[in-house]
Amino acid sequence: MKKDLLSINDLSRDEIYRVLDTAVAMREIGERPIKKVPTLRGKTVVNLFYEPSTRTRTSFEIAEKRLSADTLNIAVQASSVQKGETLADTAMNIEAMAPDMIVLRHQSSGACHLLSRICRSRIINAGDGMHEHPTQALLDAFTIRQHKQQIEGLKVAIVGDLLHSRVLRSNVLLLTKLGAEVWMSGPQTLVPRGLDQLGVRFSPTVDEAVEGADVVMMLRIQQERMQGAYFPSLREYYNVFGMTVERMRRAKPDVIVMHPGPMNRGVEIASDVADGPYSVILEQVANGVAVRMAVLYLLAGGVEDEAVA
Amino acid sequence: MPVVMDADRIGRTLTRIAHEIIERNRTLDQLVLVGIQRRGVPLARRLAAAIHAINQHEVPTGALDITLYRDDLMRHTVGTQPVVGRTDIPFSIDDKRILLVDDVLYTGRTIRAALDALIEFGRPTSIQLVVLIDRGHRELPIKADYVGKNVPTSPSQSVQVRLAETDGRDEVEIQE
């Protein structure tokens, strides 16, 4: 493993499988009466969150505690960032207290790369702007593997706000690396430039993307990142791109539906799909803890890339 | 390199240990077998089969991985972290008499880690240790209750246990 986990590109195919295999063992710990192992005793992990987050922050914190690390959470709303401190200064100050790892969530793409350059601590990207969210892609892959055994050769349809989604970017990098056939659909106004270079297929209609799919992955409409009118109304978005039971019929009979959360019910996904028999949305959340334990454990080891060490 | 046990010898040794287990444990009701990953697991299954062959008693069998409990895990952080194996103990260990099974007893550190791990699953009545090979050189006050074979070694040697389930054949070899 490299020093940090900033992007799925930091992981080779073998390392992705190592994370997924380790996560299988980590999942079992969560089923024990005492859900704790002493592995990261004496290691300090700082969760530095510049954006609101319930799922990811809780998931990381539970993962850290199950491995016996000492954890502390810095929610920026209540910190000296409010007094005008820069990210680099905040990081250097935290670094002065010698933590072993920093888990960073930030609204700017590339914020984790900045920290990676100036910090000795291991950096884990917990979502940076519109760039990447690698642990989400890893837990998605883990969930797919649980249901489909292997990822190679599967048709995965990703539908929604493609432009603002860091989950999309990490998932595309990971799924194509493992040999899945990735299709996408969403409003033309929400398609990022250069999508064709990622080795994925785009369809303007949801029906074509979902046709015969093994996995349907829905993306949230990120209204907080939208600085303009990308589509006429949420109602119209739902009518054209919302995942309904009728649209799901085009997929394979054993299809699974995923969503990274938080869901906008009645916008990108109908409630009877989100709560339907093919939904694995809550399994994704459960698997998140195991996958993050695996990442924390593997990153706590040695650095293979000697230039960084 | 000298082969100190062949397949036949391993088979007869496990049958002998099964008899010893039955002899020393008046009732088998609360007995469970837990094998330490990796080669303790097939050994535990074989002991369960051997006990069953003698008196038709089914002894529940589980697998324990001790990687996350190792005392050297975070001490020299060079290279890749050790692979974490599966732990699968599909029964409560509360008030059970555990037979902990491993292939080679050496420094005793693996057993120390296994004891720590087991205690987190519950409170067994007792834990007894079964090993196929005791090669000496203990660094902790740990002793096996059932030993397949004592093999005097020097610390520079290594003892390689191979089992059909994990390595394709049964054999114990000493390597320089």
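All of the numbers you see were taken from the coordinates with simple rules; none came from a lab. Not measured: the values here are computed from a predicted model. Positions of Cβ are backbone-derived with ideal geometry, glycine not excepted, and every protein chain shown enters the neighbour counts.
Beyond a 28 Å Cα-Cα separation, which of these cross-linked pairs lie in this structure: A:Lys2/A:Lys155; A:Lys177/A:Lys252; A:Lys148/A:Lys177?
Too far apart for the 28 Å limit: A:Lys2/A:Lys155.
Peptides A:219-229, A:99-109: what's the order by average Cβ count within 10 Å, highest mean first?
Per-residue Cβ counts within 10 Å, averaged per peptide and sorted highest first, yield A:99-109, A:219-229.
Between region A:124-164 and region A:79-100, how many Å separate their Cα centres?
One Cα centre to the other: 30 Å.
Dividing the alpha-carbon radius of gyration of the protein assembly as shown by 2.2 N^0.38 Å (N being the number of residues), what value is obtained?
Values: Rg = 26.3 Å, N = 485, 2.2 N^0.38 = 23.1 Å.
With N residues counted in the protein assembly as shown, Rg over 2.2 N^0.38 Å equals 1.14.
Note the full-extension length gain between B:Phe91 and B:Arg70 as 0.36 nm times their separation in residues minus their Cα-Cα distance, in nm to one decimal.
5.2 nm
About the Cα centre, and with charges only on the beta carbon of Lys, Arg (+1) and Asp, Glu (-1), how big is the dipole of chain A? Nearest 20 debye, please.
Approximately 480 debye in magnitude.
Arranged by the count of other C-beta atoms within 10 angstrom, fewest first, what order do B:Asp29, B:Asp167, A:Asp4 take?
Going from sparsest to densest Cβ surroundings: B:Asp29, B:Asp167, A:Asp4.
Roughly how crowded by other chains is peptide B:120-132, in terms of the mean Cβ count from those chains within 10 Å of each of its Cβ atoms?
Per residue, the average neighbour count from other chains is 1.
Got a sec? How would B:Thr15, B:Thr61 order by Cβ neighbour count within 10 Å, fewest to most?
Going from least to most buried by this count: B:Thr15, B:Thr61.
Would you kindly state how much longer the chain becomes between A:Arg32 and A:Thr244 on full extension, computed as 0.36 nm times their sequence separation minus their alpha carbon distance, in nm to one decimal?
Working: separation 212, 0.36 × 212 = 76.32 nm, distance 3.75 nm.
Net length gain for the segment: 72.6 nm.
Going by alpha carbons, how many degrees (0 to 90, nearest 10) lie between the helix axis of A:55-66 and the longest principal axis of chain A?
Helix A:55-66 and the main axis of chain A meet at about 40 degrees.
Please average, across the residues of B:108-117, the number of beta carbons from any other chain that are within 10 Å of each residue's own beta carbon, and give a whole number. Present the calculation step by step, with values, prior to reporting the outcome.
Details: counts 0, 0, 0, 0, 0, 1, 0, 0, 2, 3.
Per residue, the average neighbour count from other chains is 1.
Using a 10 Å cut-off around each Cβ of peptide B:27-39, what is the average number of partner chain Cβ atoms that fall inside?
0
Counting other beta carbons within 10 Å of each residue's own, what order do B:Val3, A:Val291, A:Val172 fall into, fewest first?
With the fewest neighbours first, B:Val3, A:Val291, A:Val172 line up as B:Val3, A:Val172, A:Val291.
Would you calculate the separation in nanometres between label points at A:Gln150 and B:Arg169, each defined as 7 Å from the Cα along the Cα-to-beta-carbon direction?
In this crude spin-label approximation the distance works out to 3.1 nm.
Please label the shape of region B:1-133 as rounded, prolate or oblate, based on the square roots a ≥ b ≥ c of the eigenvalues of the alpha-carbon gyration tensor (a/c under 1.5 means rounded; beyond that, a/b larger than b/c means prolate, else oblate).
Oblate is the answer for region B:1-133, as a/c is 1.5 or above yet b/c matches or exceeds a/b.
By its C-alpha gyration tensor, with a ≥ b ≥ c as the square roots of the eigenvalues, how is region B:1-72 shaped: rounded for a/c under 1.5, else prolate for a/b larger than b/c, else oblate? Please report the intermediate quantities before stating the final value.
Numbers: a/c = 2.30, a/b = 1.15, b/c = 2.01.
Oblate.
To the nearest 0.05, how large is the calculated FRET efficiency for B:Arg9 and A:Ser203 if R₀ is 60 Å and r is the Cβ-Cβ distance? Can you show the working numbers first?
On the way: r = 65 Å, r/R0 = 1.09.
E(calc), rounded to 0.05, equals 0.35.
Shape of region A:122-196 from its Cα gyration tensor (a ≥ b ≥ c, root eigenvalues): rounded if a/c is under 1.5, otherwise prolate when a/b > b/c, or oblate?
Oblate, since a/c reaches 1.5 and b/c is not below a/b.
For helix A:281-299, what angle does its Cα long axis make with the longest principal axis of chain A, in degrees from 0 to 90 and rounded to 10?
Helix A:281-299 and the main axis of chain A meet at about 30 degrees.
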